[in-house]
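So the structure is just underneath, and the comments pick up after that.
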Amino acid sequence: MKRGTCCETCRKTTYIHQSSAGKEMRKIPNHGNLRVTKVAYPLGLCVGLFIYVAYIKWHRASATQAFLSIAGVASGARWGQQAHSPPGTAAHGHEVFYGIMFDAGSTGTRVHVFQFDQPPGEIPTLTHETFKALKPGLSAYADDVEKSAQGIQELLDVAKQDIPFDFWKTTPVVLKATAGLRLLPGEKAQKLLQKVKEVFKASPFLVGDDCVSIMNGTDEGVSAWITVNFLTGSLKAPGRSSVGMLDLGGGSTQITFLPRLEATLQASPPGHLTAIRMFNRTYRLYSYSYLGLGLMSARLAILGGVEGQPEASLHELCVSRVSEILRNKVHRTEEVKHVEFYAFSYYYDLAASVGLIDAENGGSLVVGDFELAAKYVDHLEPDGEPVSDPGDAATEQPLCVHGPHLHQPAAAGVRLSQEQSAEADSEN
Ligand SMILES: O=c1[nH]cnc2c1ncn2[C@@H]1O[C@H](COP(=O)(O)OP(=O)(O)O)[C@@H](O)[C@H]1O
Ligand SMILES: [Ca+2]
């Protein structure tokens, strides 16, 4: 991947972060350097989601045009060329318009305020984004629905500050919920969605009938796959092989890749294949979302069953509990050994937290590195010091990233190369 494409994205993006105290917020303008930060990740995935949901799924005929436009800008291809118009102005006859997208994840709700610019007779391009995230996720308010309104209102206020008054009533606002709401009993999830809709309706923004919904897992995986393959250039260059996408969320996890082997298509269980049409081409994708196997939900399942004191080593105990949870739940498809994958969310957070990848730049590793890291962490005393004689060669190996670091926000994920994933698979 070439350096700089996505980093341009950061230049025009303003992120507003919740401080650890959860109250204070600060604006971080990026002054045009090439430093890649993790916060660029949500822009990429949300633009992909926007493209997929708004254009490919609903308006298939205009998919190619819309995709080229929005994803092209997301990659920074055009952002260096023109100065950013002040919000609300239409310099040189350019139309400016906005969109507000809420990502209601299981661990947090995030707002993305997109600004688009449309030169006369041309397709629109994305020129600015403001982002803010709040914790916990919407599902945490399942038993106190009224309380959920406060956070949504706070995020809407960010949009109000960002979007000029004259644009409010023409700016659409949309919320897509993922695993947190999928995991709730239907009635509770619907009450939360209804509450959000009420808050949206009381706002000055454009609110459609289907402005608030739960996105299905396949759509979630496919939109992230589109984004990552746009960013790696494989959608634009037909000969270039595509990469796979792994996203480990809090409540669910997705795998999506483009199989090359007929055998993979034949051997895929029902519900694991989906087709999308883009650039006059039909992509038959292997895509599956495992509900309940996000990091937090899986931990809950694993730890929920613990009773008494462990007899085996902590690592062995963990491995056996995880195996029990995963048994017969996860389909193993042979072809992944030969596919390069980009991994996101908790794959990133976990790899960065144990030093497998650089916390700013991401990096490459093999699947087996996670296992080594788990062994290492499981051998730590509660105070964080390694035990004196872990008796395991794994802890003697350096926990470092294999292969080059990526200098891309798409790489606010972990990259698993072909050889690496093959090697890792053979170790499992
Ligand atoms: O907008 C974002 N900003 C920062 N991290 C995000 C964003 N969206 C998702 N993540 C990452 O996703 C993980 C949490 O997943 P999420 O809450 O979206 O659960 P879900 O996808 O299973 O519903 C964390 O690793 C978090 O870093
Ligand atoms: Ca997510």
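Points worth noting:
- On inspection, VAL113 does not qualify as away from ligand 1 (no atom under 16 Å from the Cβ) and in contact with a helix residue (DSSP H, G or I) (Cβ under 6 Å, 6 or more places away or on another chain).
- Odd one out for TYR141, checked against (1) open to solvent by less than 40 Å² (accessible area, probe 1.4 Å); (2) modelled with pLDDT of 95 or more; (3) closer than 23 Å to GLY217 by Cβ: (1)
- Checklist (1) within 16 Å of ligand 1 (Cβ to nearest atom); (2) open to solvent by 10 Å² or more (accessible area, probe 1.4 Å); (3) at pLDDT 75 or above applied to ALA74, failing item: (3)
- Condition check for LEU175: closer than 30 Å to ALA275 by Cβ, open to solvent by 80 Å² or more (accessible area, probe 1.4 Å) and within 13 Å of ligand 1 (Cβ to nearest atom): no
- Given (1) modelled with pLDDT of 95 or more; (2) open to solvent by less than 30 Å² (accessible area, probe 1.4 Å); (3) within 13 Å of ligand 1 (Cβ to nearest atom), number of the condition SER223 does not satisfy: (1)
- Index of the failed condition, THR218 passing every other in (1) crowded, with 20+ Cβ neighbours inside 10 Å; (2) assigned to a helix (DSSP H, G or I): (1)
- Within the stretch 273-292, the set of residues being more than 15 Å from VAL339 (Cα to Cα) and either among the aliphatic types (A, V, I, L, M) or within 16 Å of ligand 2 (Cβ to nearest atom) (or both) comprises LEU273, ALA275, ILE276, MET278, TYR288, SER289, TYR290, LEU291, GLY292.
- Qualifying residue in the stretch 91-100 (condition: under 22 Å from LEU300 (Cβ atoms), at pLDDT 90 or above and within 16 Å of ligand 1 (Cβ to nearest atom)): no
- So GLN309, is it modelled with pLDDT of 90 or more and either surrounded by fewer than 22 Cβ atoms within 10 Å (Cβ to Cβ) or not in a helix (DSSP H, G or I) (or both): no
- Residue check for ARG281: among the basic types (Lys, Arg) and surrounded by 13 or more Cβ atoms within 10 Å (Cβ to Cβ): no
- Residue tally, condition within 16 Å of ligand 2 (Cβ to nearest atom) and buried (at least 24 other Cβ atoms within 10 Å of the Cβ), over the stretch 103-124: 6
- For the stretch 134-187, a tally of residues being within 16 Å of ligand 2 (Cβ to nearest atom) and among the small types (Gly, Ala, Ser) returns 6.
- Any hit, the stretch 227-246, residues being open to solvent by 20 Å² or more (accessible area, probe 1.4 Å) and within 15 Å of ligand 1 (Cβ to nearest atom): yes
- A Cβ distance below 8 Å, combined with a sequence gap of six or more or placement on separate chains, defines the contacts here; from the stretch 142-170, residues that are among the polar types (S, T, N, Q) reach residues that are open to solvent by less than 30 Å² (accessible area, probe 1.4 Å) in the pairs SER148/LEU138; SER148/LEU192; SER148/LYS195; SER148/VAL196; GLN153/VAL199.
- Restricting the stretch 314-359 to residues that are among the acidic types (Asp, Glu) and assigned to a helix (DSSP H, G or I), the residue that is surrounded by the most Cβ atoms within 10 Å (Cβ to Cβ): GLU335
- The numbered conditions (1) part of a helix (DSSP H, G or I); (2) under 18 Å from THR178 (Cβ atoms); (3) not aliphatic (A, V, I, L, M) are all true for GLY250 except (1).
One line per residue, one yes/no per condition, for (1) within 16 Å of ligand 2 (Cβ to nearest atom); (2) part of a loop (DSSP other than H, G, I, E, B):
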position: PHE230; (1), (2): no, no
position: SER234; (1), (2): no, yes
position: GLY239; (1), (2): no, yes
position: MET245; (1), (2): yes, no
position: ALA263; (1), (2): no, no
position: GLY271; (1), (2): no, yes
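- Scanning the stretch 188-227 for residues that are away from ligand 2 (no atom under 14 Å from the Cβ) and among the aliphatic types (A, V, I, L, M) returns ALA189, LEU192, LEU193, VAL196, VAL199, ALA202, LEU206, VAL207, VAL212, ILE226.
The values are calculated or read from the model by the stated rules, or taken from the named source; none is laboratory data. Here the structure is a predicted model, which means the values were calculated and not measured. Here the Cβ is made from the backbone with ideal geometry for all residues, glycine too, and neighbour counts use every protein chain on show. Just the protein is used for accessible areas: all its heavy atoms, side chains included, with ligands, DNA and RNA removed. Shrake-Rupley method; radii C 1.70, N 1.55, O 1.52, S 1.80 Å.
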